[in-house]
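Take a look at the structure set out below.
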Amino acid sequence: MINYPAINKFKVLLIVSLLCLFASCKSKQRRISKEDIVNKNRPNIILMMSDDMGFECLSSNGSTSYNTPILDELATNGLKFTNCFSQPLCTPSRVKIMTGKTNNKNYIDFGYLDPFQKTFGNVMRDAGYKTLVAGKWQLNGVHTQEKNCYDLNRPDHFGFDEHCLWWVTSQGSRYSNPRIITNKQYLKTTIDDYGPDIISDYVVNFIEENKDQPFFVYYPMVLVHSPFQPTPDSPEWSNVKTRSKINNKYFKDMVEYTDKIVGKIKNKLDELRLTDNTIFIFTGDNGTHTKITSQTKNGDYSGGKGLLTDNGTHVPLIINYPNGTVQGKTYDGLIEFSDFLPTFAESANIPVGDDIDGKSFFKLINNQDYKPKESIFIHYWPRTHKIEKKNGCFARTVDFKLYSTGDFFDMANDKWEKNPLNIATLNRHEKDVYLMLQAELKNRDIWDFTTIRRPIEFPKINFSKMR
């Protein structure tokens, strides 16, 4: 006689066992999936951008005024760029580097980033990276007509999972007793707290907490912007009465403290054995303050912040990426700020839109064949409601520069732009370059600088409901 209940129990046990085995295999398959392997191998990215620190401030670039041993070592062991160009001022540079677009496309006003733009924070978060922005924000539109300028969700809207920022809704101090927001909460600080230390400590902790997954850190530093004040390494810091003194002599201390912070971040990568697979980048947002004159191996170098001349737009760029196998090399080709977003996207193996102006240089830092850019385009209108002599745009090669005004300079022999070339007497090579740069300018949507630009129309957006 057949015992049907026993057979049913056997069937149940068999089915359950098979289901458990299938679930176990599926779980193991997830752990070793191709997607996981790709994610693990994708490089981490840290972009550090100093505030108002031009090309001439690094010892490796010829400075004799400042000691920057950490940055010099990164240059020696990595890739040093001699022709990286930013916008001449902070907000225009931030808008450009974050969106990969030239300012004539998306720059609306000082201290403001159009919320309809997609930043490299959005790109990297969409690619599965853990993202952080730490340092100087200055993009909520506090000093404009923007209606949502006090919304603390703005960094998250632009793609950052975490933030530790100065100047989100109001300025306050960035140095001693700083006004800093971390993840929508204001920190309680005292006169003994130093803003750059708080921010860099946050970056270090973020790296520690996310060491087992790809991360993207955008660190627009608060140093070395004025006011030029003592750092914790300055003798005057020990006395509260002298801690807030303002003097140009402290600029040197601030440059060297910047180098120290770079070392702090680099040491954390070394400690966690993340250095080889991290693209570590240091640059500056624009030229040095005009009150500062630095000594270099080639003579005095005056700061040019806010100017379209080389001392306003020529910034340091050092990239250290051991897995890219580029070590101890110098690149003399052109790089500009719209190139960063597509570079990061390519490193994460994701596409970018057709509206991006920049050219990825990931192959360059990965020691692969790379075709240099022939020219770059800079469009600069720092405050859209003002017409000033410093407004304008230019296209340039490494050796020549053509402004929209028609002024044409031989930068190799006239770096301070004192003597524009006579167009009527150009030699054949100069004429070819002139015509190429002229075509570059004509192909751009350049605003007419003889008239005031259209009034700003700020969108009304509820950032708390967006991500």
For this session: Looking only at the stretch 156-198, count how many residues are under 23 Å from Ser234 (Cβ atoms), polar (S, T, N, Q) and in a loop (DSSP other than H, G, I, E, B).
Result: 5
Exercise. Can you pull out the residues in the stretch 411-465 that are at pLDDT below 55 and surrounded by 15 or more Cβ atoms within 10 Å (Cβ to Cβ)?
Worked result: Phe449, Arg453, Phe458
Problem set entry | Members of the stretch 28-62 that are of a type in the set (Asp, Glu), out of contact with any Phe, Trp or Tyr (no Cβ under 7 Å at 6 or more places or on another chain) and modelled with pLDDT of 60 or more | Asp51, Asp52
Problem set entry | Any pair with Cβ under 7 angstrom, 6 or more apart, that starts in the stretch 315-342 at a residue that is over 29 Å from Arg273 (Cβ atoms) and ends at one that is among the small types (Gly, Ala, Ser) and part of a strand (DSSP E or B) | Val315/Gly284
Seminar exercise, completed: Here the residues within the stretch 272-291 that are open to solvent by 10 Å² or more (accessible area, probe 1.4 Å) and on the phi < 0 side of the Ramachandran plot are Leu272, Leu274, Thr275, Asp276, Asn277, His289, Thr290, Lys291
For this session: Among the candidates Leu317, Leu341, Leu269, single out the residue that is open to solvent by less than 10 Å² (accessible area, probe 1.4 Å) and assigned to a strand (DSSP E or B).
Result: Leu317
For this session: Starting from the stretch 197-225, keep only residues that are in contact (Cβ under 8 Å) with a residue 24 or more places away in the chain and farther than 23 Å from Met254 by Cα, then list their pairs with residues that are assigned to a strand (DSSP E or B) and small (Gly, Ala, Ser) whose Cβ atoms are within a distance under 9 Å, requiring at least 6 positions of separation or different chains.
Result: Phe206/Ala134
Exercise. Counting residues that are under 20 Å from Phe394 (Cα atoms), which helices (runs of 4 or more DSSP H) fully inside the stretch 44-132 reach at least 1?
Worked result: 90-99, 103-106
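The values are calculated or read from the model by the stated rules, or taken from the named source; none is laboratory data. Not measured: the values here are computed from a predicted model. So basically every Cβ, Gly included, is an ideal-geometry build from the backbone, and we count neighbours across all protein chains shown. Calculation scope for accessible area: heavy atoms of the full protein, side chains included, ligands and nucleic acids excluded. Shrake-Rupley method; radii C 1.70, N 1.55, O 1.52, S 1.80 Å.
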